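Novice: What follows is a structure written as structure tokens; I'll ask about it next.
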Amino acid sequence: MLLFGGKVLFCVLQKEEKISVMYELLSNIRTPADLKKMSLSEMDRLCSEIRDFLISSVSKTGGHLASNLGVVELTVAMHTVFDMPEDKVVWDVGHQSYVHKILTGRIDGFDTLRQFGGLSGFPKRSESIYDCFDTGHSSTSLSAALGIATARDIAGDTYDVAAVFGDGALTGGMMYEALNHVGRSKSKLILILNDNEMSISRNVGAISNYLRNLRSKQSYYKSKQVIENMLNKIPVGGKTTARLLRAVKRNIRRMVLPTTLFDDLGIEYLGPVDGHDMSTLLNVLKRAKKSKKTVIIHVNTKKGKGYLPAEENPQKFHGISPVKPHNDVSDDYSAVFGKKLCALAGENKKIAAITGAMPLGTGLEEFSARFKQRFFDVGIAEQHAVTFAAGLACGGYAPVVAIYSSFLQRAYDQIIHDVCLQNLHVVLAVDRAGLVGADGETHQGLYDIAFLSHMPNMSILSPCNFAELEQMLEYAVNIHNTPIAVRYPRGKAQVKCENTAFEFGKADIIRNGKDAVIITAGRMVATAIKAADIALKYGIDVQVVSLKTIKPFDEETILECAAATRNVITIEDGVCAGGFGERIGAFLKSKDISCTFHAIGFPDEPIIHGNVTELDVYYGVDAKSVADLVTSIVRGDKHDK
Ligand SMILES: Cc1ncc(C[n+]2csc(CCOP(=O)(O)OP(=O)(O)O)c2C)c(N)n1
């Protein structure tokens, strides 16, 4: 039984019959110990069963398919050589941990993957003793693994600690902060670089080129082993001779074997090895486990391995939605953003676009093809992306940095220090703002209103439909000339309303009412309208105001509506703590307006996974809950917070 935030949400089912007889070997794996009895040929068959299971299961639930197909052999080999959970493995990003979950007693939960109350799509300490560190955001694995290994050494324990990270993760700056520490630390780690030459899109940058070069040296590992074996056979005699010989061997190694960046940093490089060859993997992992020093194993894998559509288009199959009879291929907010930015960039030659390894997700693919000189994929480097944009702005450009809300958290200091304090015209296109759903707590975009609101010079806009997004983007890029963020949700949900011309700092009264006013923005405008419809059935007449500009908000309209209705409710697709509700509440208090005030939003706790509709209901941010609250406020059952 699993606990999330103190609530029982998921029960590990023990129904072995759920795993069909198709999975003859897989159905017998209940713990990793079962792997240790297998022959090589059985392991190969097991890998193919795991692939079949992944393809069939993930196409029903949706999830990260291609990355998991690529690490099947690696994960089986790791669980064979390591003794988990005593040995610890940190999975970078964690989207590739499905095979690990399958092998650690969670296969029966896969029909609930990423669903409300079901198995998480990322490692979760609260889900299993085999998950030693929660991940979701990229490039944290080395730091976390080094912390765990250091704690082990201080406590005098002897278990192994490994980090598995992709070549994409290696574009993130935290990895280099960690490597700097790992290289001088005495704590032994096993680093496993899963190199498939892909981030979500094709990996980019100088480090990626460097790895490509290493990747092609397939014979390096074998020749290194031959030379090592030869050197090890040279006998060492007395103390002085031994020291001398060790120095000679070290020099021979340096002369004969090319060293890598990692060797130069004090981390022994083993590889590259074929990540789909079980015997090679077992061999190199055993060697790494035996070693007294920190090693890095460079594993070459193919993203999407074993499923042709995913091998041919790993970007499309990185994360997939459940297969439905008629998958809706119409535009979403990201696509509308991308198209509008292209239209604007055609006219305004100063517009540049920046992404942190997400050209597809943020809708910038067309821009990247049409405006090559003004497009920058900087890798998984949100901090760099923002400061780089600040530099472009100093050079007279109008940079638009498109980043998902939850990943923008990485660049908090850069937005304050490099953009806001210098009052630079950088446009933040905050995609996936608000609840994102299935990816869960690490990916919810619920904090950007709070953390951007308190930054000096920062303005925040929030559209409730595609037309508003286009208007706001045009304003942000062509007219505004200081820091500005446009936040828009994941998906396609839109409010049908008459679109007035966008006026910075001006709210729209979407619907009139005399008993209460709901002040809201973005996705929640639809919720407010529905809540007003429900409340009307109870005889309560509710006004709805869409802020459009969250910061600075329209004080005049808010004061008028509060004075007229005497009951103010705010709803936001973000956390209440530090949100616009709190700020509007404080503002009303400062003006001594006599009214009730209630702020609705997400609570101060990790917000779990599930679909957005279910989560809205669970957290009381759905239309019915809002209507009930408004009704009880107007009837006087609820008083001021
Ligand atoms: C800080 C951050 N930015 C962006 C992402 C989105 N993201 C998820 S996986 C991924 C690519 C990771 O590539 P790699 O590490 O090579 O793993 P692979 O999927 O290729 O196995 C990206 C950019 C993220 N998880 N974290």
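The values are calculated or read from the model by the stated rules, or taken from the named source; none is laboratory data. Predicted model, so just to flag it, every value in this text is computed and none were measured. Cβ placement follows ideal geometry from the backbone for every residue including glycine, while neighbour counts extend to all protein chains displayed. Remember, those area values only see protein heavy atoms, side chains included, never the ligands or the DNA or RNA. Shrake-Rupley method; radii C 1.70, N 1.55, O 1.52, S 1.80 Å.
Novice: Looking at the range 487-505, can you tell me whether even one residue there is away from the ligand (no atom under 16 Å from the Cβ), of a type in the set (K, R) and open to solvent by 30 Å² or more (accessible area, probe 1.4 Å)?
Specialist: The answer is yes, given that some residue of the range 487-505 is away from the ligand (no atom under 16 Å from the Cβ), of a type in the set (K, R) and open to solvent by 30 Å² or more (accessible area, probe 1.4 Å).
Novice: Find the residue count for the range 521-543, including only residues that are in contact with a strand residue (DSSP E or B) (Cβ under 8 Å, 6 or more places away or on another chain) and among the hydroxyl-bearing types (S, T, Y).
Specialist: Matching residues across the range 521-543 total 1.
Novice: OK, next. Limited to the range 424-447, what total is found for residues that are closer than 15 Å to I484 by Cα and either open to solvent by 10 Å² or more (accessible area, probe 1.4 Å) or part of a strand (DSSP E or B) (or both)?
Specialist: 7
Novice: Of the residues that sit in the range 33-57 and are part of a helix (DSSP H, G or I), of a type outside the set (A, V, I, L, M, F, W, C) and over 31 Å from the mean Cα position of the chain (by Cα), which one is farthest from I107 (Cα to Cα)?
Specialist: Result: S41.
Novice: Continuing with the same structure: With the requirement that a residue be within 16 Å of the ligand (Cβ to nearest atom) and surrounded by 24 or more Cβ atoms within 10 Å (Cβ to Cβ), what does the range 412-423 give you?
Specialist: If the condition is that a residue be within 16 Å of the ligand (Cβ to nearest atom) and surrounded by 24 or more Cβ atoms within 10 Å (Cβ to Cβ), then I415 is the only one that fits.
Novice: Can you name the residue in the range 453-477 that is open to solvent by 20 Å² or more (accessible area, probe 1.4 Å) and assigned to a helix (DSSP H, G or I) and is also nearest to R523 (Cα to Cα) among such residues? Reasoning before the result, please.
Specialist: Just the residues of the range 453-477 that are open to solvent by 20 Å² or more (accessible area, probe 1.4 Å), to begin with: 454, 456-457, 466-467, 470-471, 474-475.
Subsequent filtering for residues that are assigned to a helix (DSSP H, G or I) retains 466-467, 470-471, 474-475.
Values: F466: 11, A467: 14, E470: 16, Q471: 16, E474: 20, Y475: 20 Å.
Once the filter is applied, the top-ranked residue is F466.
Novice: Identify, from the list N196, N209, the residue that is over 17 Å from T294 (Cα atoms) and out of contact with any helix residue (DSSP H, G or I) (no Cβ under 7 Å at 6 or more places or on another chain). Show your work before the answer.
Specialist: Working: N196 fails: out of contact with any helix residue (DSSP H, G or I) (no Cβ under 7 Å at 6 or more places or on another chain).
Just one listed residue meets the conditions, N209.
Novice: Before we move on, is D377 of a type in the set (D, E) and crowded, with 18+ Cβ neighbours inside 10 Å?
Specialist: Judged against the criteria, D377 is a match.
Novice: I need the full set of residues from the range 48-80 which are surrounded by fewer than 23 Cβ atoms within 10 Å (Cβ to Cβ) and either at positive phi or touching a residue at least 60 places away in the same chain (Cβ under 8 Å) (or both), in order please.
Specialist: The answer is S48, R51, I55, S59, K60, T61, G62, T80.
Residue-wise test of (1) out of contact with any Asp or Glu (no Cβ under 6 Å at 6 or more places or on another chain); (2) open to solvent by less than 10 Å² (accessible area, probe 1.4 Å); (3) small (G, A, S).
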| site | (1), (2), (3) |
| --- | --- |
| G578 | yes, no, yes |
| I584 | yes, yes, no |
| K589 | yes, no, no |
| I593 | yes, no, no |
| T596 | no, no, no |
| V617 | yes, no, no |
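Novice: Could I ask something else about it? A450 - would you say it is among the aliphatic types (A, V, I, L, M) and either surrounded by fewer than 20 Cβ atoms within 10 Å (Cβ to Cβ) or out of contact with any Ser or Thr (no Cβ under 9 Å at 6 or more places or on another chain) (or both)?
Specialist: For A450, the condition - among the aliphatic types (A, V, I, L, M) and either surrounded by fewer than 20 Cβ atoms within 10 Å (Cβ to Cβ) or out of contact with any Ser or Thr (no Cβ under 9 Å at 6 or more places or on another chain) (or both) - is met.
Novice: When only residues in the range 380-399 that are within 26 Å of D167 (Cα to Cα) and open to solvent by less than 20 Å² (accessible area, probe 1.4 Å) count, which is farthest from the ligand (Cβ to nearest atom)?
Specialist: A389
Novice: Kindly indicate whether I320 is in contact (Cβ under 8 Å) with a residue 12 or more places away in the chain, in contact with a Ser or Thr (Cβ under 8 Å, 6 or more places away or on another chain), within 16 Å of the ligand (Cβ to nearest atom) and not charged (D, E, K, R).
Specialist: Yes: the conditions hold for I320.
Novice: In the range 142-151, what residues are within 16 Å of the ligand (Cβ to nearest atom) and touching a helix residue (DSSP H, G or I) at 6+ places or on another chain (Cβ under 7 Å)?
Specialist: L142, S143, listed by residue number.
Novice: On the given criteria, is I227 in contact with a helix residue (DSSP H, G or I) (Cβ under 7 Å, 6 or more places away or on another chain), modelled with pLDDT under 90, among the aliphatic types (A, V, I, L, M) and in a helix (DSSP H, G or I)?
Specialist: yes
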